[in-house]
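**Q** Quick one: the structure is below, questions incoming.
Only the coordinates and a few stated rules stand behind these numbers; no lab work does. Because the structure is a prediction, the values reported are computed rather than measured. Heads up, the Cβs are rebuilt from the backbone with ideal geometry, glycines too, and the neighbour counts pull from every protein chain shown.
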Amino acid sequence: MEKKGCRILSSLLKCFTKTFAKGKSWAGQFTLEYFKVVNEHVKVLIIARLNLDSYNLKADLRGLVRLIRSTFSLNTKYPPYLENLIVFLESRISPLLLRNEILYIETHISCIESIDRGMLLVLLRKKYKSLRQHEQLRWEQIMMEAVMPKNADLKRLSKLAVFKDIIAKAESLGKGYQNRQHSLFGLMRDEFTHGVEHRFDKSVKPWKEKFKDDDGIELMIPAHLDDLAARIIWCLVRNSIDITAELLACQVRCYCPHCREKTSDMTKATGPKPSDSKEATGLGLSSCAKGGTDSGPSQQAESSIKKGNPVSHAAASKKGPSQQAESSMKERTPVSFPVPFASLFKPALKPPSSVPPQKPQSSEANKPKPQSSKANKPKSPPPEDDGGFQIVKSKKGTRRR
C-alpha cells in the first residue's frame, strides 16, 4: 500500500485498541458513520458505551475484519501481509487483548510501505547479530515456533532469478541457507539488501537485465515466502523479545498538525530510551506525552519545587551537594553541606558588601614620589622651516605638517 492507505489502516486499528484499553466496546454495532477521516487519520465520532467482555470483543473484531475486507481489497486481492492481520484478529478468544497483542496489531507489518518492511528486516537482523551467542540461540529457538508456509521451499527459491545468485554465493562461501525459519529470515534480509547486486547477467555482452531495480524486489519476499516474516515477528513479540524500537522506527511518518504537536510534546518531555518507547500502542503506552515519564528522585524533587511542594528528605538525599544547593536556593531553606563541599560554597553564599574594604597603606606608600628630570624640562615648540610649516618628529621620521 501507499502511505495514505498505511496511515488510514494504522489509525483505524488504533481506534479499536484504544477503545478496548478503556474497557469499552461497540458490541459489533458500528458502521462507517461512527468514524471520520481527517488528514488521512481515522477519528472516532460516536464513542463506545458498552462494557468490554469476551462476546463484545469478538463482535467488534468481526466487524473490524469486515470493514478491512471491504475497504482494502482490490478484485478480491489484498495487500501483502493483510491476510495475516485478518487471521490474527479472528483468532483472538480472550476477553481482553494483552500488551504484546496490541503492540503487534498497531505496528503490524501490513501497515508500512514496501521499503520500510525491508528496512525492518535489516534492523531485526542487525539486532540479532549484535547479541551474544546464547541470546542468538534463544532467538533461533523462538523463530522455530513460527509455522512454515507451504511454498517456503529452498529448492524452489534457488530457481528464481532474485534468490538464485544469493543462494549460490552463500554456498560458495560455505554459509549455505537451510529450510529453517531463522535461516530463511536471513535469506529475506539478504534478498532485500543484496538483490540489486545480481540484477544483470554479466556472463554475456552486453549485460542482460534479469529483473528491474524497483520496489518489486521486496515484494518478492511475500510473493514466494508468504507471511513468514509476520509470523516470525509475532513469535518474537509473544515471547517478550524487545523489538519495539525497531517496529516504531519503520512506521509511516505523519506531518499533520495533530501529530506534529504530539511529537513536540514528546521531545519536550524527558522520554525513555528508544528500546523502551511504547508511544505507538493503545494500552496507555502513549501516556508519557501527557503526564511525563517515570522520573528518578532528582527529577521528582525538581518537579515538586516548581509546583511549590516541599521536597522529602529521601528524594533530596539522593542528590549531589551541588543539586542540593540549587534546590535549597529555590526553596529558600537552609541546607547542611558536608565539610569538604561547604568550603566550596562559602564564597558564593557571602552577601556582597556595598562598600569595598580599604587596603591598609604602608609608610612607603605615603612618601611623595620624586619627580623625574624629564618632567621638569619645559617643552620646546617644534622648529619651523622657511615655508611656515611645522616639522614634527615621529618614530618613523621627520615629516612636515
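**Q** Taking amide H positions as placed in the peptide plane 1.01 Å from N, state which residues far from Phe211 in sequence (5 or more) or on other chains have amide H under 5 Å from it.
**A** Counting only residues 5 or more places away or on other chains, the set is empty.
**Q** Right, another one. To check my understanding: the extent here is largest minus smallest coordinate of the Cα atoms along each principal axis. What are those three numbers for the stretch 116-254, in Å, largest first?
**A** Largest to smallest, the principal-axis extents are 52, 40, 29 Å.
**Q** Taking only C-alpha pairs under 8 Å that are 6+ residues apart, what is the relative contact order of the stretch 116-254 in percent?
**A** 34
**Q** Further question on the same structure: Quick one: check the C-alpha center-to-center distance for the stretch 196-247 versus the stretch 54-129, whole angstrom.
**A** Between the Cα centres of the stretch 196-247 and the stretch 54-129 lies a distance of 19 Å.
**Q** Same structure, new question: Can you tell me the relative contact order of the stretch 4-65? Whole percent, Cα pairs under 8 Å, sequence separation 6 or more.
**A** Answer for the stretch 4-65 is 40 percent.
**Q** Distance cut-off 27 Å, Cα to Cα: go down the list Lys4/Lys77; Lys4/Lys212; Lys4/Lys155; Lys126/Lys164 and report the pairs above it.
**A** The answer is Lys4/Lys155.
**Q** Here is a follow-up. On the Cα set of the stretch 1-71, report Rg and Dmax in Å, please.
**A** 11.9, 36
**Q** Taking the Cα centre of the stretch 145-194 as the origin, how large is its charge dipole in debye, to the nearest 20, when only Lys and Arg (+1) and Asp and Glu (-1) carry charge on their Cβ atoms?
**A** With Lys and Arg at +1 and Asp and Glu at -1, about 140 debye.
**Q** Percent relative contact order of the stretch 1-111, based on C-alpha pairs within less than 8 angstrom and at least six residues apart?
**A** Value for the stretch 1-111: 33 percent.
**Q** Return the long-range amide H neighbours of Phe35 (sequence gap of 5 or more, or a different chain), with a cut-off of under 5 Å between placed amide H atoms.
**A** The list, which skips near neighbours in sequence, is Leu45.
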